[in-house]
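Working notes, beginning with the structure itself.
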């Protein structure tokens, strides 16, 4: 494609709502995500409430985090929830064989996580152990956290300090069953899922939202089998995992990368559009009414760990490249909100494409955090269909669309447009035609920086942060927007 980018937004044709749960997050017992990230214990000098860091809670509440997935990830299929309840001194230990062989003391368990979700105002998303657990173990967990009547499990919950049930709605039935969750074939997993899901009912007012362990990137056969073989009254969501990885054997540095590596990362991130379309097409074949959601409950950038850190802890820096991944991916999810109704960035604190990094008492917000904060105006808003004609970002003999966009109208009538320019070199002058609406005012915010590799550090935590954007002009329902290279803009029109 060539020429000036042009976007047409049909402001009067909105039909589907962008679920706030698209903006979910993921917390695994991996590296310093839980211990030192979310949880420091109630004897820590770091300000906390029942062991949960106050600064992390405040930051995530500002982000309007809608849901949080726990305890994994691969860890979920080795986790036995009963080891993490009751007096902490009596809890058995576990060796975390997936992530560094460290000893897990189970001091952070079900009560800690669900109470933390209440502090955050976020819905919990519990990943059940199917790989090494039992049907009874998972159904007793459901009963423990959700049943308000008299039973052995509800009595035990009360003895452990919680009278009322938490009413957890979101449940993952295993994780990556094709890999670390059991190396299963899809036909086998579909039968296992049916068995587990049969007994995961009756304990939650308002019903349960059961999510099947879904495909690894482009394994379309996996989705085909699940949608064909699992009765849809037993299935509320099918998961999908996709990471923007340059090369699984040599992922490259998170902060010291070339434009070639950046371009390749953007190719991997853009692939989410193809994956969502193709998996959705398969789901449409079996579920034309779109009752079953596509749940992208692991996504983000994945690089080599920071030098000098434990390679199994997956601690990496977060740059403007990650801001581009976030803006582009969220636009894709917004535009496919008829099928994508939940997603979880991997992971929240100190792991992979984190929104928060901590070091002792210090905490910083990453460029990814700022994109998700800017985009939270789309949560539960009406998606406005748009058509994008874009110029190309050319590197060598390859090219990608330079501009990505999504739009919505919130309950107060304001229209929000999110724009991403991934081109590492060129400013984009974009015209936006607003059909079916009438506007008289435009304001905006931008996340940009001088270098693609720019990131926040504990010595300079505010190097990359949003600023007021004034390069948008409105004339007769047409916007003229000038966006610098590798930047994210969110506009508000009234």
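Here residue 80 passes the criteria (1) under 17 Å from residue 141 (Cα atoms); (2) touching a helix residue (DSSP H, G or I) at 6+ places or on another chain (Cβ under 6 Å); (3) surrounded by fewer than 17 Cβ atoms within 10 Å (Cβ to Cβ) except the one numbered (2). Taking residues in the range 45-63 that are free of Cβ contacts under 8 Å to residues at least 60 places away in the same chain, and partners anywhere that are assigned to a loop (DSSP other than H, G, I, E, B), the pairs with Cβ atoms closer than 6 Å and at least 6 places apart or on different chains are 48/40; 54/47. Filter the range 225-262 for residues that are within 24 Å of residue 277 (Cβ to Cβ), without any contact (Cβ under 8 Å) to a residue 60 or more places away in the chain and surrounded by 17 or more Cβ atoms within 10 Å (Cβ to Cβ) and give the result. Within the range 225-262, 225, 226, 230, 235, 236, 238, 240, 242, 245, 246 qualify.
Scanning the range 64-81 for residues that are without any contact (Cβ under 8 Å) to a residue 60 or more places away in the chain and not in a loop (DSSP other than H, G, I, E, B) yields 70, 75, 78.
Being closer than 17 Å to residue 447 by Cα, modelled with pLDDT of 95 or more and in contact with a helix residue (DSSP H, G or I) (Cβ under 6 Å, 6 or more places away or on another chain): is that true of residue 406 here? Here the answer is yes, as residue 406 does meet what is asked. Of the residues making up the range 459-493, those that are assigned to a loop (DSSP other than H, G, I, E, B) and surrounded by 13 or more Cβ atoms within 10 Å (Cβ to Cβ) are 461, 463, 464, 465, 466, 469, 471, 477, 484, 485, 486.
Yes or no: residue 136 in contact with a helix residue (DSSP H, G or I) (Cβ under 6 Å, 6 or more places away or on another chain) and assigned by TED's automatic domain parsing to the domain that holds residue 215?
It is false that residue 136 is in contact with a helix residue (DSSP H, G or I) (Cβ under 6 Å, 6 or more places away or on another chain) and assigned by TED's automatic domain parsing to the domain that holds residue 215.
When 188, 141, 156, 178 are screened for being buried (at least 22 other Cβ atoms within 10 Å of the Cβ) and modelled with pLDDT of 95 or more, only 141 passes.
Scanning the range 1-40 for residues that are outside any loop (DSSP other than H, G, I, E, B) and under 16 Å from the mean Cα position of the chain (by Cα) turns up 18, 20, 21, 22, 23, 24, 25, 26. Scan the range 114-128 and tell me whether some residue there is over 26 Å from residue 53 (Cβ atoms) and in the same structural domain as residue 184 (by TED's automatic domain parsing). There is at least one residue in the range 114-128 that is over 26 Å from residue 53 (Cβ atoms) and in the same structural domain as residue 184 (by TED's automatic domain parsing).
The values are calculated or read from the model by the stated rules, or taken from the named source; none is laboratory data. No experiment lies behind these values; they were computed from the predicted model shown. Cβ: placed from backbone, ideal geometry, glycine included. Neighbour counts: every protein chain shown.
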